[in-house]
Amino acid sequence: MSDPSTSEESKPIGVPVPPIAITGDASTATSVIEAETVSIPDNVRRALESACGEVNDDPAVLADEGRDWWPLAMIWATEGRVPARASLLVRPGSPNEVADVLRICNDNHIPVSPSAGRSGVLGASVPLFGGVQLDMCRLDGIRDVDETSLLADVLPGTFGNVYEHTLGDAGYTGGHWPQSMDLSTVGGWLACRGAGQFSTRYGKIEDIVVGLDVVLADGTAISTGGYPREAVGPDLNQLFVGSEGTLGVITGARLKIHPLPDYRRQAAYSFDSLETGLEWVRSVIQRGARPAVLRLYDPLEADRHFGTGAERAAAVVLDEGEPAIVDAYMAVVESAANDHDGTREDDSIVDSWLEKRNEVSALEALISRGFIVDTMEVSGRWADLVSIAQNTLEALRAAPGALAAGVHCSHSYEAGACLYFTFAAESEPSARQLNHQSIWESATRAVLEAGGSLSHHHGVGINRSRFVADALGGGMEVLQSLKDALDPNGILNPGKLGLSSPFGTYSYVG
Ligand SMILES: Cc1cc2nc3c(=O)[nH]c(=O)nc-3n(C[C@H](O)[C@H](O)[C@H](O)COP(=O)(O)OP(=O)(O)OC[C@H]3O[C@@H](n4cnc5c(N)ncnc54)[C@H](O)[C@@H]3O)c2cc1C
């Protein structure tokens, strides 16, 4: 069964989609992030040109490539500013070219910021210290499908919609459906530890990956994993999943795939409150059901998405696959809803969710009109989830200029779930940057104090770097030691993930 929202009306595929136009002339747009930038000496440039046919130093191109969907960067774009520019854009066309580029940069202490779809929402691919921006989009396509083991061997620059269309033509699905399906790549999913909307059945990307090809900072190419399970030390796949380009560059991946399902069921429910709804989700999961989509919206978000009247929380459930399993899961969903006084609502709510689930235009429209709009996804144990939701909403609603803050539960597990907050605020134009930062400060502190994680699937980037040490505690030193061992010159995506950078520090202008 192909997905209705990504069938033939799909946009041009396989290229980054810019978040918002840069006001004015992009080639003269000023950089907001102030840091000592590394330029490329002529001999290094020549070496990079011969290692990799595609390099570019056009200031307008570098301005566009140096930003992603980080809402703060979108705000800057409306002011004719960009986060930062690399000194040179390099677009390798093969894993060997990636290795050559990294070897040259490592020998010459040039920072390298990998980027792909640039759909990250936290500035993770921004080249903070100049140097090389390593655009991975030319490494695209599926190299092989192992139809017996149900594994696809895919190149990292493959965009989500290209991946799914190609698999679909062969009768398979990858099952990974981020809202940014058309905007993001396989390498970006892995580097950010992403989650798709059907993750309860198919898993988060760390559950989907079986093996990786990675090029280390010094140009050494390695392969990790490759087996359904193994006991040969720690899982090295997971070392690179979520490392946001700081520990190695992913040049290939073996991902689980599934036969295209031809049976699907769906249902919608409402509950008297978010709290009751969360108890229902917990019950569904802890009784063993895993419907692909199990999403619960607080009354405010339910009304915004489905026009339900802001009185009750609303839930969307969808499953696909083997009829016997789908029917069993949907029976558990229904029985748990009865236990929690859930009301069965019209299925059109699910249809409406399916239709609009990959729509991304609202963000651009609101930011262009001067509002601060952003999202924050975290996870927590069931025991802490209600406090995390309440404390964070309170912090978001107390922020200067706050207009609205809502939450939904988008991904669930035996031990807990993901809470996804959406917020909007109004602000004097000159104060938008500071207000955005202060909203993140108070809401993140509220999450961490209530026992939540820093992120569930968007990652860290620049925006959350300042919180990583608090979130990881003693683990931060372990992460830094790994970084120092794998990348002693610190060239890979410096300034990200809260790691120290040999290229210095950075600050914001204005
Ligand atoms: C509207 C919208 C909706 C979104 N919805 C979701 C969602 O449902 N689920 C979700 O998980 N995320 C979502 N995101 C966030 C974003 O799409 C993901 O983080 C995505 O995984 C980023 O992929 P990308 O190719 O765009 O990577 P980029 O933004 O280009 O890069 C992100 C990070 O990955 C690193 N990187 C990229 N490629 C490689 C590589 N080959 N090797 C090493 N490092 C690499 C970069 O250095 C950077 O640190 C959404 C974003 C937007 C704008």
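The values are calculated or read from the model by the stated rules, or taken from the named source; none is laboratory data. Since we're looking at a predicted model, the values are computed, not measured. Virtual Cβ from ideal backbone geometry, glycine too; neighbours counted across all protein chains shown.
How many residues are farther than 22 Å from SER184 by Cα, not hydrophobic (A, V, I, L, M, F, W, C) and not assigned by TED's automatic domain parsing to the domain that holds ILE285 if we restrict to segment 323-376?
3
How about segment 143-172: which of its residues are among the polar types (S, T, N, Q) and either in contact with a Gly (Cβ under 9 Å, 6 or more places away or on another chain) or closer than 24 Å to PRO92 by Cβ (or both)?
Result: THR158, ASN161, THR166.
Do any residues in segment 164-192 that are free of Cβ contacts under 8 Å to residues at least 60 places away in the same chain and among the aromatic types (Phe, Trp, Tyr) have Cβ atoms under 8 Å from those of residues that are assigned to a loop (DSSP other than H, G, I, E, B) and near the ligand (Cβ under 8 Å from one of its atoms), where the two are at least six apart or on different chains, and which pairs are they?
Close Cβ pairs satisfying both conditions: TRP189/PRO178.
Please find, among PHE159, PHE129, the residue that is farther than 13 Å from ILE257 by Cβ and more than 13 Å from the ligand (Cβ to nearest atom).
Just one listed residue meets the conditions, PHE129.
Can you tell me which of GLY380, GLY401 is in contact (Cβ under 8 Å) with a residue 24 or more places away in the chain, closer than 24 Å to ILE205 by Cβ and outside the structural domain of GLU301 (by TED's automatic domain parsing)?
GLY380
I'd like the full set of residues that are within 15 Å of the ligand (Cβ to nearest atom), among the hydroxyl-bearing types (Ser, Thr, Tyr) and either without any contact (Cβ under 8 Å) to a residue 24 or more places away in the chain or not in a strand (DSSP E or B) (or both), limited to segment 224-257.
THR224, SER243, THR246
Every residue in segment 122-152 that is buried (at least 17 other Cβ atoms within 10 Å of the Cβ), in a strand (DSSP E or B) and in contact (Cβ under 8 Å) with a residue 60 or more places away in the chain, please.
GLY130, VAL132, GLN133, LEU134, ASP135, VAL145, LEU151, ALA152
Name every residue in segment 302-319 that is out of contact with any Ser or Thr (no Cβ under 7 Å at 6 or more places or on another chain) and either over 13 Å from VAL350 (Cβ atoms) or surrounded by fewer than 19 Cβ atoms within 10 Å (Cβ to Cβ) (or both), in order of residue number.
Once the filter is applied, which keeps residues that are out of contact with any Ser or Thr (no Cβ under 7 Å at 6 or more places or on another chain) and either over 13 Å from VAL350 (Cβ atoms) or surrounded by fewer than 19 Cβ atoms within 10 Å (Cβ to Cβ) (or both), segment 302-319 yields ASP303, ARG304, GLY307, GLY309, ALA310, GLU311.
Has segment 95-106 got any residue that is more than 21 Å from GLY504 (Cβ to Cβ) and of a type in the set (S, T, N, Q)?
Yes, segment 95-106 has at least one match.
Considering every residue within segment 365-374, establish whether at least one is of a type in the set (A, V, I, L, M) and part of a strand (DSSP E or B).
Within segment 365-374 (the criterion being of a type in the set (A, V, I, L, M) and part of a strand (DSSP E or B)), the answer is yes, since at least one residue qualifies.
Kindly evaluate PRO291 against the criterion of being closer than 21 Å to GLY141 by Cα and over 18 Å from the mean Cα position of the chain (by Cα).
no
Taking the condition of being polar (S, T, N, Q) and in contact with a Pro (Cβ under 8 Å, 6 or more places away or on another chain), how many residues in segment 185-231 meet it?
Matching residues across segment 185-231 total 3.
Out of (1) free of Cβ contacts under 8 Å to residues at least 40 places away in the same chain; (2) within 25 Å of GLN179 (Cα to Cα), the odd one out for PHE371 is which?
That leaves (1) as the condition not met.
Restricting attention to segment 310-349, which residues are in a strand (DSSP E or B) and acidic (Asp, Glu)?
Once the filter is applied, which keeps residues that are in a strand (DSSP E or B) and acidic (Asp, Glu), segment 310-349 yields ASP319, GLU320, GLU345.
Determine whether segment 234-249 contains at least one residue that is buried (at least 19 other Cβ atoms within 10 Å of the Cβ), at pLDDT 95 or above and more than 30 Å from SER481 (Cα to Cα).
no
Can you tell me which residues in segment 336-362 are aliphatic (A, V, I, L, M) and either closer than 20 Å to ALA292 by Cα or in contact with a strand residue (DSSP E or B) (Cβ under 6 Å, 6 or more places away or on another chain) (or both)?
ALA336, ALA337, ILE349, VAL350, LEU354
Return only the number of the condition from (1) within 10 Å of the ligand (Cβ to nearest atom); (2) of a type in the set (Gly, Ala, Ser); (3) over 22 Å from SER500 (Cβ atoms) that GLY141 does not satisfy.
Every condition holds for GLY141 apart from (1).
The rows are residues; the columns are (1) within 16 Å of the ligand (Cβ to nearest atom); (2) at pLDDT 95 or above; (3) loosely packed, with under 13 Cβ neighbours inside 10 Å.
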| residue | (1), (2), (3) |
| --- | --- |
| ASP3 | yes, no, no |
| GLU8 | no, no, yes |
| LYS11 | yes, no, yes |
| ILE20 | yes, no, no |
| THR23 | no, yes, no |
| ALA35 | no, yes, no |
| ILE40 | no, yes, no |
| ARG45 | no, yes, no |
| SER50 | no, yes, yes |
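If I filter segment 167-194 down to residues being assigned to a strand (DSSP E or B) and buried (at least 21 other Cβ atoms within 10 Å of the Cβ), which single residue comes out as nearest to the ligand (Cβ to nearest atom)?
Filtering segment 167-194 for residues that are assigned to a strand (DSSP E or B) and buried (at least 21 other Cβ atoms within 10 Å of the Cβ), the one nearest to the ligand (Cβ to nearest atom) comes out as THR185.
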